[in-house]
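Visitor: Structure incoming, see below.
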Amino acid sequence: MNRELDNSAPGDGDELASILAEGIRSIGLVVLVRNPGDGVSDESFEIVGRAPDWLGTWLGAETSMLEHSPFLEDFVNGAAREFWDGPASENVLRSGLWEESPASSDVDETSETAPRFFEASALRTASGKAVLLIEPADERLKREQAYLQSVHVLNLDRRHLQKELEKKQILLECITHDLGSPLANELKNLEQIARQLADQPQLQSAVQRAIRQTERQRSLVNSIAEVFAADMAKMRSPNADGSEAPDLVAVAAEVLSACASSAAEKSVTLCPFFTSPLPVVGDKVYLSRLIDNLLLNAIRHSPEGAAVMIHFDEKDGFAMVRVEDEGSGIDPEEVETIFDPFVQGRAGGKGQSGLGLYFCRRTAEMWGGRVEVWNRPEGGACFELWLPRFRAVI
Amino acid sequence: MIKRKVCLVGAYAVGKTSLIRQFVTGVFSEDYLTTVGVKIDKRSVTVEGQEVLLMIWDLAGRDEFEAVQKSYLRGASGFLFVADGTRRDTLAEVQKEIALIVPDHPETPAILLLNKCDLENDWEVDDSDLLSFHEAGIETMVTSAMTGQNIAEAFDQLTRLMISRESGA
Ligand SMILES: Nc1nc2c(ncn2[C@@H]2O[C@H](COP(=O)(O)OP(=O)(O)OP(=O)(O)O)[C@@H](O)[C@H]2O)c(=O)[nH]1
Ligand SMILES: [Mg+2]
């Protein structure tokens, strides 16, 4: 490399030099050579071959290039000079990319053809001549720019999202503690008042109305809190923190016993068909809320004295719990929207917020699972919750 | 008129390009286009009767793994380190840069700018976070490239430090 560049110096009259110069020009490279012992001013640099057309516009005449370009001046009189004058350790010193502003004012800045990003390299010939290469770098810049831009924007977005989630967490705490807890107390007080007013039927019914309203408010607060919590469960990616993977069967069993009284009120029989444990990806607390939602939904839509069947299964790395009821089923139009928020169909109606099934779907999807629904041929609805089987990382 | 090189260093998207643009052309844009390579802008300031042409180097702010290329910093007369007051981690990153740069330029004046002070609600930095910078002798200023707050003051102050250091030496 060094030899050839040496040969290509002006005045050599070497054929190879002119071929080389033409080749270099065709890729837009500007080659300048300075004789050893010259001063530091750029006047001593001479262009090899013919200068590309854009050179004058962007960097000025070769004699005033350094005056025009502070970056090039800094490089040539700084790091490059040290490189040329110092011991020959490295073969080449690169300046890094820089952006130039046009040297002449009548430049059409929007013109696509002229480069405006460059990189310079300092080289040395075997005989000690200083060589300066200036390379248009727009293409390279575009690639690097696109890549870095996407990385930076992605990082900024992720940060932004995390901040939003923190804000949500605070809001969630406000909802559950500042709104939810007082409602629970109020309810207790109202129930106590109702007991004491047993002999005053008129006041009694007013208090009962207040109790029902408060209960509705509390259930709404709980539902909103659940949806918020589901959003955050996503970010927390369950079990990643080493928390134990919940057993779908065991959690369902717990929820079943908790729902027993609601079922008994309507003389609904809960019929579970338990299997061996099925550890799944998920958070135990949210998983029980999720199953609770499905079970209560089934009980609510069961006619008096009917049965609710609970089956478990596994397939293709997923575990499943199925809740079947003997109610009237789901309107065909509703099948598509039943998991959307605030749908007041089957999910809502009887004092429900319409967020319960939305919460189920969101949570299941966040954990990599899904909720499916269809009507049983023999009548009633069937909900299936599928969650990825948990596999401990070894 | 004398000419001096000033470098802006800091993590990505803290507002280095925006600060320079506001200082040089009085324009601010919400758009973010990450800087690749180096762009040099010029503006002159006058401090203590001395007119100084600042050659302002906008250096690409890299991520936590990549420090600024040292060769760019050669011959700098002053540094403006920049952090984003709404992203506390950018302070840690600028601290890392400072640890790499200052030992090579022990006498070079530097100021730390906490930018984006217009975003009060998202502000994440408090005085105790700045203690270590003050102990290292680095002044801090709160700026906004959006409103222009403190930008000219920061460049003036840096130039003043540069001039007084040169005349004192
Ligand atoms: N609100 C507000 N936004 C700002 C301020 N300064 C910069 N920004 C915005 O922050 C983003 C990043 O600004 P840039 O100036 O490109 O940041 P940079 O430090 O040059 O980034 P890199 O080139 O990637 O290192 C842009 O969207 C700017 O509009 C400020 O003071 N206030
Ligand atoms: Mg920038």
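Here, each number is a calculation from the coordinates, and none is a lab measurement. If you're wondering where the values come from, they're calculated on a predicted model, not measured in any experiment. Neighbour counts run over all protein chains shown; Cβ positions are idealised from the backbone, glycine included.
Visitor: Distance cut-off 24 Å, Cα to Cα: go down the list A:168/A:188; A:167/B:96; A:266/A:315; B:96/B:116; A:168/B:16 and report the pairs above it.
Guide: Beyond 24 Å: A:168/A:188; A:167/B:96; A:266/A:315; A:168/B:16.
Visitor: Give me the percent of DSSP beta bridges within the protein assembly as shown that run antiparallel, rounded to the nearest 5.
Guide: On the way: 53 of 82 bridges.
Bridges in the protein assembly as shown that DSSP calls antiparallel: roughly 65 percent.
Visitor: Placing +1 at every Lys and Arg Cβ and -1 at every Asp and Glu Cβ, with all other atoms neutral, what dipole size does the protein assembly as shown have around its Cα centre, in debye to the nearest 20? Don't skip to the end; give the middle numbers.
Guide: Working: 56 positive and 90 negative charges, 333 e Å.
Once rounded to the nearest 20, the dipole reads 1600 debye.
Visitor: Another question about this same structure. With 33 Å as the cut-off, how large is the P(r) tail for the protein assembly as shown, expressed as percent of Cα-Cα pairs? If you can, show how the numbers build up before the last one.
Guide: Working: 97331 of 158203 pairs.
Percentage above 33 Å: 62.
Visitor: With just the Cα atoms of segment A:139-229, tell me how far they stretch along each of the three principal axes, in Å, largest first.
Guide: Principal extents (Cα only, largest first): 88, 15, 12 Å.
Visitor: Let me confirm one metric for peptide A:146-159, namely the mean number of other chain beta-carbon atoms within 10 Å of its residues' beta-carbons.
Guide: Values: counts 2, 2, 8, 5, 1, 3, 9, 4, 0, 4, 4, 0, 0, 4.
Taking the mean over all residues of the peptide, I get 3.
Visitor: Next up: How big is the dipole moment of segment B:2-166 about its Cα centre under a simple scheme where the beta carbon of each Lys and Arg is +1, that of each Asp and Glu is -1, and everything else is neutral? Debye, nearest 20, please.
Guide: 900
Visitor: Over chain B, with a Gaussian network built from C-alpha contacts below 10 Å, which listed residue (B:25, B:108, B:159) shows the highest mean-square fluctuation?
Guide: In this elastic network of chain B, the residue with the biggest mean-square fluctuation among B:25, B:108, B:159 is B:25.
Visitor: In straight Cα distance, which lysines are under 19 Å from residue A:284, not counting same-chain residues fewer than 8 positions off?
Guide: Excluding near neighbours in sequence, the set is A:234.
Visitor: Taking neighbour Cβ counts within 10 Å as the exposure measure, how do A:286, A:147 sort from fewest upward? Could the numbers behind the result be given before it?
Guide: Values: A:286 23, A:147 12.
Starting with the residue having the fewest Cβ neighbours, the order is A:147, A:286.
Visitor: Which is farthest toward the positive dipole end of the protein assembly as shown among A:91, A:193, B:79, measuring Cα position about the Cα centre, with Cβ charges +1 (Lys, Arg) and -1 (Asp, Glu)?
Guide: A:193
Visitor: Could you check what % of the DSSP bridge pairs in segment B:2-166 are antiparallel, to the nearest 5?
Guide: Numbers: 10 of 32 bridges.
So the antiparallel bridges in segment B:2-166 amount to around 30 percent.
Visitor: If you don't mind, there's one more thing I want to ask. Given Cα pairs under 8 Å that are at least 6 residues apart, what percent is the relative contact order of chain B? Write down the numbers at each step before the final one.
Guide: Numbers: 310 pairs, mean separation 45.5, N = 169.
With pairs under 8 Å counted, the relative contact order is 27 percent.
Visitor: Same structure again: Mind checking which aspartates and glutamates have their C-alpha under 13 Å from residue B:70, skipping anything on the same chain fewer than 8 residues away?
Guide: Once the sequence-local aspartates and glutamates are set aside, what remains near residue B:70 is B:97, B:104.
Visitor: Taking springs between alpha-carbon atoms closer than 10 angstrom, which of B:136, B:11, B:92 fluctuates most in the Gaussian network model of chain B?
Guide: Of the options given, B:136 has the highest mean-square fluctuation.
Visitor: Hey, in the GNM for chain B with a 10 angstrom Cα cutoff, which one of B:124, B:139, B:97 fluctuates hardest?
Guide: Highest fluctuation of the listed residues: B:124.
Visitor: Any number yet on Rg/Rh for chain B, C-alpha, Kirkwood? If you can, show how the numbers build up before the last one.
Guide: Details: Rg = 14.8 Å, Rh = 15.9 Å.
My calculation puts Rg/Rh at 0.93.
Visitor: Please list 3J(HN,Hα) in residue order for segment A:288-298, calculated via the Karplus relation 6.51 cos²θ - 1.76 cosθ + 1.60 where θ = phi - 60°; whole Hz, with x for glycine and proline.
Guide: In residue order, the calculated couplings are 5, 5, 5, 5, 4, 4, 5, 5, 5, 4, 5 Hz.
Visitor: Taking segment B:102-142, how much of its Cα-Cα pair set, in percent, is spaced more than 15 angstrom apart?
Guide: Values: 393 of 820 pairs.
Cα-Cα pairs in segment B:102-142 separated by more than 15 Å: 48 percent.
Visitor: While we're here: Show the residues, 5+ positions off or on another chain, whose built amide H is closer than 5 Å to the amide H of residue A:96.
Guide: For residue A:96, whose amide H was placed from the backbone, the distant partners under 5 Å are A:120.
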